[in-house]
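The values are calculated or read from the model by the stated rules, or taken from the named source; none is laboratory data. Keep in mind that this is a model prediction, so the values were computed, not measured. Cβ coordinates were reconstructed from backbone atoms using ideal geometry, including for glycine residues, and neighbour counts include every protein chain displayed. Heads up: the accessible areas ignore ligands, DNA and RNA and are worked out on the full protein's heavy atoms, side chains in. Shrake-Rupley method; radii C 1.70, N 1.55, O 1.52, S 1.80 Å.
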Amino acid sequence: MLPIVLLSVFGIVVLFLGFSKSKNILLPATLLFLLVTLIANFVDWNHQYLYFNDMLWGNNASMVFSGIVLLSAFFVVALTRGFEQEGEAAQPAEYYGIMLFSLVGAIMMISYENLIILFVGVEILSVSIYILTGSDKRNLRSNEAALKYFLMGAFATGIMLFGMALMYGATGSFVISDISEIIGTRAWNEQSQLLYAGLLMLLVGLLFKVSAAPFHFWTPDVYDGAPTIFTAYMSTIVKTAGFAALYRLLAGSLASLQDYWFATLATITVLTLLAGNVTAVYQTSFKRMLAYSSISHAGYLLIALTSLTAKSQSSILFYSLAYSLSTVSAFGVLILVSQQQASNNYDAFNGLAKKNPFLAFVLAVSMLSLAGIPLTAGFMGKLFVFTDAAQKGTIWLLVVAILASAIGIYYYFRVLIAAYFKEGDLATIRIAPFYKVVLIIVTTLTIVLGLFPDLVLQLV
Amino acid sequence: MFSEATAAIPDVIQQVKIQHYIFLATALFVIGIVGVLTRRNAIVIFMSVELMLNSVNLLLITFSAYRSDPAGQVFVFFIMAVAAAEVAVGLAIIVMIYRNTRTIDVGFLNKLKF
């Protein structure tokens, strides 16, 4: 409860700070607020809590999920240096405020007990992100991305709500634990038809938010069109919160129906893995490739969700953390390079290693982690997820996933080949000291978590 | 369906069977979906989305009344409030696009292709 209250108050404070003459205070203030919230997030450690008339539920795992979201938000906000250079059109206070408000939605999605909170959380997060996507107001690509995301997102919300209504009709409750109890009294093939229809529509709505195929078609356009810093923001936070919400729904209330939804979800997993990885190969833009890579990582996370073993939660948790860290540093490098080259394509990275060995190294670690090469966090994440699938006994799913990650190595290494082996005239890029510190921390975390994954796993 | 709780429902409500309400809500919902998928004007698409949300409201109120359970009606208030907030942001995005392109036809959404 505390982080939600704090973030709401801090968001308003940041908006008021925007009135002050010196805009320089905004970034440190937002970072401080995020740090305070991150600490306050863990006050209930080792207690299972229910707040707001039993509508919000939490335990250690949900606190760690919120921690991941807050940490990635902290890193992304730390990389937002440069709002103030965008001239009259930039309104840093609003952007920082909206970012803080959107985190309220993310935390609500992670720790809901009542479907009302899930809906409100999804909407707070999505509406904030629609605004951030369209924040480059004069840029037609940004406009287009915002409108596409908005129309598709509202459409998905409608489907999700219809599913919730049908589930309410079938069970008579919005509360996760009550639904689980009511469903548990009957066998999986004796449930009301409304429940099945509702469950499917609710899943479609949520899978749309985490961009699983075949509901992924908006992702590349929106990620490509949005300002890069907000692409980094949404690809980390929406994904983590969305998967926490899906896990809570499936494990908390629908676990007894696994025989029913397993086939559907497994099909979607395979489609997502193939659609994400195969299409990513054909991209010429690094930013667009990262969008497809986020689809393929949704596929890997779906494997853990589909298997739903006792360890699924910690696998999803670790994988989201590893994915968030690598994505933040990949986008961090992309922002610097694309400012210099005015291009997001692979060619922009040609010869990066010659004069910018630090940036090339950060990029290399992040790409290795995304591709799942040993000694990085991404490898351990994939290992845990694949172990889940093996435990569940779905070997065919495992085979598809391993083939998909083999394809992944090809397109992740393309940018490394451009950076290390191609000739280019990229000049030395000046990196602000603070920016550099963030990149160092994220890269170190990626390597440390790859060597000692227990640091995080023992928390849950 | 709902036979166990029929005694608690007032007779006035029972005069119309719950199936009729479910069909009506589903029909409205499908009209909304078809509207989103076929229309080219951003405002009309947006109206279709609102129609979908309102069909959900109708469905929730129906279940709520036939179950004598207030939770569904509470949810409707949340949906109305959130839908209003979404309208504010959505119309702002559409106005922003209109200022730049002088059109709100979604056919212009073709800058982003691979």
For chain B, the per residue accessible area (1.4 Å probe, Å²) is 55
Amide H neighbours of A:GLN283 under 5 Å, counting only residues 5+ apart in sequence or on other chains, H built in-plane at 1.01 Å?
none
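Extension gain A:ASP259-A:LYS355, at 0.36 nm per residue separation less the Cα-Cα distance, in nm? Each step should come with its number before you reach the end.
Working: separation 96, 0.36 × 96 = 34.56 nm, distance 5.58 nm.
Gain on extension, A:ASP259 to A:LYS355, equals 29.0 nm.
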Report the label-to-label distance for A:VAL460 and A:PHE19 in nanometres (one decimal), using points 7 Å from each Cα along the Cα→Cβ vector.
4.2
Expressed in square angstrom to the nearest 10, the accessible area of B:MET96 with a 1.4 Å probe stands at 30
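Determine the order of A:LYS287, A:LYS436, A:LYS21 by accessible area, beginning with the largest, at a probe radius of 1.4 Å. Display every interim value, and only then the final one.
Values: A:LYS287 10, A:LYS436 85, A:LYS21 190 Å².
Heavy-atom accessible area, descending, gives A:LYS21, A:LYS436, A:LYS287.
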Among residues of segment A:130-158, a drop of 50 Å² or more in 1.4 Å probe accessible area, assembly relative to the chain on its own, occurs for A:LEU140, A:ASN143, A:GLU144, A:LEU147, A:PHE150, A:LEU151, A:PHE155
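If r is the Cβ-Cβ distance from A:ALA390 to A:ALA29 and R0 is 41 Å, what FRET efficiency results, to the nearest 0.05?
Plugging the Cβ-Cβ distance into 1/(1 + (r/R0)^6) gives 0.30.
With every protein chain present, what is the per residue accessible area of chain A (1.4 Å probe, Å²)? Intermediate results must be reported in sequence, preceding the final value.
Values: 15550 Å² over 460 residues.
Ligands and nucleic acids excluded, the figure is 34 Å² per residue.
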What number, in percent, do you get for the relative contact order of segment A:209-325 if the mean sequence gap of Cα pairs under 8 Å and at least 6 apart is divided by its residue count?
36
Heads up, I need the accessible area for B:ARG40: 1.4 angstrom probe, whole protein in place, Å², nearest 10.
130
Interface burial for B against A (accessible surface, 1.4 Å probe, total of both chains, Å², rounded to 100):
3900
P(r) for the protein assembly as shown, please, calculated from all Cα pair distances in 10 Å bins and given in %.
3, 18, 29, 28, 16, 5, 1, 0, 0
Output the 0 to 90 degree angle, nearest 10, between the alpha-carbon long axis of helix B:71-101 and the longest principal axis computed from the alpha carbons of chain B.
10
Could you run the Karplus curve 6.51 cos²θ - 1.76 cosθ + 1.60 with θ = phi - 60° over segment A:102-112 and give me ³J(HN,Hα) per residue in whole Hz, x for Gly and Pro?
5, 5, 4, x, 4, 5, 5, 5, 6, 10, 7
Residues whose placed amide H lies under 5 Å from that of A:TYR112, excluding near-sequence neighbours
A:TRP57
Whenever you get a sec, compute what percent of the accessible area on chain B sits on carbon and sulfur atoms (1.4 Å probe).
66
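Taking Cα pairs under 8 Å and at least six residues apart, what relative contact order does segment A:142-210 come out at, in percent? Show your work: numbers first, answer last.
Numbers: 57 pairs, mean separation 33.7, N = 69.
In percent, rounded to a whole number, it is 49.
For segment A:328-460, go through all pairs of different Cα atoms, get the mean of 1/r, take its inverse, and jot down that Kirkwood value in Å.
On the way: mean 1/r = 0.0624 Å⁻¹.
For segment A:328-460, the Kirkwood estimate is 16.0 Å.
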Past 18 Å, Cα to Cα: identify those pairs from A:LYS311/A:LYS382; A:LYS209/A:LYS239; A:LYS239/A:LYS392; A:LYS148/A:LYS209; A:LYS209/A:LYS392; A:LYS287/A:LYS354, in the order given.
A:LYS239/A:LYS392; A:LYS209/A:LYS392; A:LYS287/A:LYS354
Assigned charges on the beta-carbon of Lys, Arg, Asp, Glu; chain A dipole about Cα centre (debye):
1000
What distance in nm lies between label points placed 7 Å from Cα along the C-beta direction at A:ALA342 and A:ASN53?
5.7
Helix A:60-78 vs. chain A, principal-axis angle (Cα, 0 to 90°, nearest 10):
20
Which angle from 0 to 90°, rounded to the nearest 10, does the C-alpha axis of helix B:18-38 make with the longest principal axis of chain B?
10
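Leaving out ligands, DNA and RNA, what percent of the accessible area of chain A is carbon and sulfur, probe 1.4 Å? Before the final figure, lay out each step's value.
Values: 10100 of 15550 Å².
Carbon and sulfur together cover 65 percent of it.
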Percent relative contact order of chain A, based on C-alpha pairs within less than 8 angstrom and at least six residues apart?
14
B:VAL44 paired with A:GLU181, simple spin-label distance in nm, labels 7 Å along Cα-to-beta-carbon:
4.9
Which ³J(HN,Hα) values, rounded to whole Hz and listed in residue order, are derived for segment A:395-412 from phi using the Karplus coefficients 6.51, -1.76 and 1.60 in 6.51 cos²θ - 1.76 cosθ + 1.60 with θ = phi - 60°, glycine and proline given as x?
5, 4, 5, 5, 4, 4, 5, 6, 4, 4, 6, 5, 4, x, 4, 4, 7, 6
